[in-house]
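Novice: Following this message is one structure expressed as structure tokens.
The values are calculated or read from the model by the stated rules, or taken from the named source; none is laboratory data. All of these numbers come straight from a predicted model, not from anything done at the bench. Using ideal geometry, Cβ is built from the backbone for each residue, glycine included, and neighbour counts are taken over all protein chains shown. Remember, those area values only see protein heavy atoms, side chains included, never the ligands or the DNA or RNA. Shrake-Rupley method; radii C 1.70, N 1.55, O 1.52, S 1.80 Å.
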Amino acid sequence: MTTAAPRSGLSRLSYETLDLYAPDRGPAAIDLSDNTNRWGMPPAAERALRDVPVESVTRYPELYAESLKQALAHYVGSSAGEIVTGCGSDDVLDSAIRAFGEPGEIVALPDPSFPMIPRFATMNGLRSVAVPLAADYALAADAMLAVDPRIVYICAPNNPTGTATALSVIEDVARRVNGVVIVDEAYAEFSDANALALTRRLENVLVVRTLSKAFGLAGLRVGYAVGAPRLVREVEKSRGPYKVGALAAAAAVAALRAGRDWVDTHVALAIANRERLCVELAGRGYGPVPSRTNFVFVPIAGADAIATGMRERGVAVRALAGITQVSDALRASAGSALRISVGPWPQLAIALDALDDARRACA
Ligand SMILES: *Cc1c(COP(=O)(O)O)cnc(C)c1O
């Protein structure tokens, strides 16, 4: 009998390639780097946080956030049995990958897309295969299915490109894959389409959402998924109990029960400002990609240096380097781009000037 060579370190071998997630998060007067809600949060959530009773913190929260599930079910028009919650949608995504993939199986994801997914795959012993988007940033559905995935991750609309994926494409992938399709709809509120209807027709589609973006509650860490009861139950097993804290649940429930007014108003503002930002950027000679989210993707050479220059002028945006060069614009920029979150117009006006100044200084 042969035995494996003794391992030197204490960590899992597959973890040696993992590092802590470390985006540049230094303070900035105007922070347009993380796509959170720059207008704030629903007033009902603020009131709930102020008024939370002491006993709700000295006791454990609900096991599987039953009240939150009820409120979310009402918001998305489903039943509580079709909802699973988590500590941010990151937790839901991680739990779903663990629930549906055996170690060694493949998670297919688009490239470029949300950088947490390959990490979650590795953390759970799965392999991730990044499949380049088409030249117009459309999902390369056939190429994704060709890698024989157990899980297909689709970010719709996609972070960082801001582009949408047609529902017919998602449905086609779901019907053909031997496994589960995870549709990450972190930005669904800013888009004109979502895949909720698919979750009722197909037992293998899980739509993952968050209260971190349109609802402005990123610091509370509340995410959820919608899917067939059998599907969400598997995620719930993998997630475990007590994942949503009592304060987070109370504020989230208050925000959801308050109705859609605050969210709808600020989503409409974000969309109007997004379109105006794209027009301004194009007028100044940049190449913004039309967006269905609350951010704008701008392929541009030297994004790192430009973002550093903008930060010196008090504005934080996300610089991305080494992006797979799927489009003409990304080839022209050598795989470099800025991702600029949309906020109140006065902030965007300052950001535009900081961008121009920083680009001049870099030229
Ligand atoms: C912001 C974002 C999330 C949200 O993560 P939370 O853990 O819910 O804060 C999920 N997916 C994508 C693509 C995102 O951009």
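Novice: Can you return the aspartates and glutamates within cross-link range of LYS243? Criterion is Cα-Cα under 16 Å, with same-chain partners fewer than 8 residues away left out.
Specialist: Answer for LYS243, where 16 Å is the Cα cut-off: GLU62, GLU66, ASP90, ASP91, ASP94, GLU234, listed by chain and number.
Novice: Principal axes first, then extents: for the Cα atoms of the chain, list largest minus smallest coordinate on each axis, whole Å, largest first.
Specialist: Here the spans come out as 61, 59, 46 Å, largest first.
Novice: Once the other residues with Cβ under 11 Å from the Cβ of ASP184 are scored (Lys, Arg +1; Asp, Glu -1), what is the net sum?
Specialist: Combined, the nearby Lys, Arg, Asp and Glu give -1.
Novice: Quick check: convex hull over the Cα atoms of region 234-284, volume per residue in Å³, rounded to an integer?
Specialist: 147
Novice: If you don't mind, there's one more thing I want to ask. Considering only C-alpha atoms, what is the centroid distance from region 261-306 to region 72-135, in Å?
Specialist: If you average the Cα positions of each part, the centres end up 26 Å apart.
Novice: From the C-alpha coordinates alone, can you work out the Kirkwood hydrodynamic radius of region 242-363, in Å?
Specialist: 16.0
Novice: Moving to a separate point now. First select every other residue whose beta carbon is under 14 angstrom from the beta carbon of ILE300; then total the charges, Lys and Arg +1, Asp and Glu -1.
Specialist: Value of the local net charge: +3.
Novice: What is the dipole size for the chain, taken about its Cα centre, with +1 at each Lys and Arg Cβ and -1 at each Asp and Glu Cβ, in debye to the nearest 20?
Specialist: It works out to roughly 360 debye.
Novice: Using square roots of five times the C-alpha gyration tensor eigenvalues, list the equivalent-ellipsoid semi-axes of region 100-161 in whole Å, biggest first.
Specialist: 20, 13, 8
Novice: Now a separate question. Summing +1 for each Lys or Arg and -1 for each Asp or Glu, what net charge is found among the other residues whose Cβ lies under 12 Å from the Cβ of GLY314?
Specialist: Combined, the nearby Lys, Arg, Asp and Glu give -2.
Novice: When the C-alpha atoms of region 183-247 are aligned to their principal axes, what extent does each axis show, in angstrom, from largest down?
Specialist: Reported extents, whole Å, longest axis first: 34, 32, 13.
Novice: Here's another thing I want to ask about it. What is the spread of the Cα atoms of region 137-276 along each of their three principal axes, largest first, in whole Å?
Specialist: 44, 43, 24
Novice: To the nearest 20 debye, what is the magnitude of the charge dipole of region 1-106 about its Cα centre, counting +1 on the Cβ of each Lys and Arg and -1 on the Cβ of each Asp and Glu?
Specialist: Charge dipole of region 1-106: 160 debye, to the nearest 20.
Novice: Tell me, Kirkwood radius of region 82-193 from alpha-carbon pair distances, in Å?
Specialist: After inverting the pairwise mean of 1/r, the radius is 13.9 Å.
Novice: Continuing with the same structure: Can you tell me which of ALA316, ALA146, ALA334 moves the most in a GNM of the chain? Springs connect C-alpha atoms under 10 Å apart.
Specialist: Result for the chain, Cα springs under 10 Å: ALA146 fluctuates most.
Novice: Provide the solvent-accessible area of GLU66, counting protein heavy atoms only and rolling a 1.4 Å probe, rounded to the nearest 10 Å².
Specialist: For GLU66, the solvent-accessible surface is approximately 80 Å².
Novice: Can you give the calculated 222 nm mean residue ellipticity of the chain, where each DSSP H run of n ≥ 4 adds -39,500 (n - 2.57) and the sum is split over every residue, rounded to the nearest 500 deg cm²/dmol?
Specialist: About -12000 deg cm²/dmol.
Novice: Would you kindly state the longest site-free stretch of the chain, with sites defined as chymotrypsin sites (Phe, Trp or Tyr not before Pro) in a DSSP loop (not H, G, I, E, B) surrounded by at most 15 other Cβ atoms within 10 Å?
Specialist: Counting at most 15 other Cβ atoms within 10 Å as exposed, the longest clean stretch of the chain is 40-241.
Novice: With Rg and the Kirkwood Rh both taken from Cα atoms, where does Rg over Rh land for region 268-307?
Specialist: Computed over Cα atoms, the ratio is 0.99.
Novice: Limiting things to C-alpha atoms, what are the Rg and the maximum Cα-Cα separation (Dmax) for region 207-293, in angstroms?
Specialist: Gyration radius and largest Cα-Cα distance of region 207-293: 17.4, 51 Å.
Novice: Looking at the chain, send over the antiparallel percent of its DSSP beta bridges, to the nearest 5.
Specialist: 45
Novice: Next question. May I ask you to give the percent of accessible area on the chain that is carbon plus sulfur, with a probe radius of 1.4 Å?
Specialist: Ligands and nucleic acids excluded, carbon and sulfur reach 54 percent.
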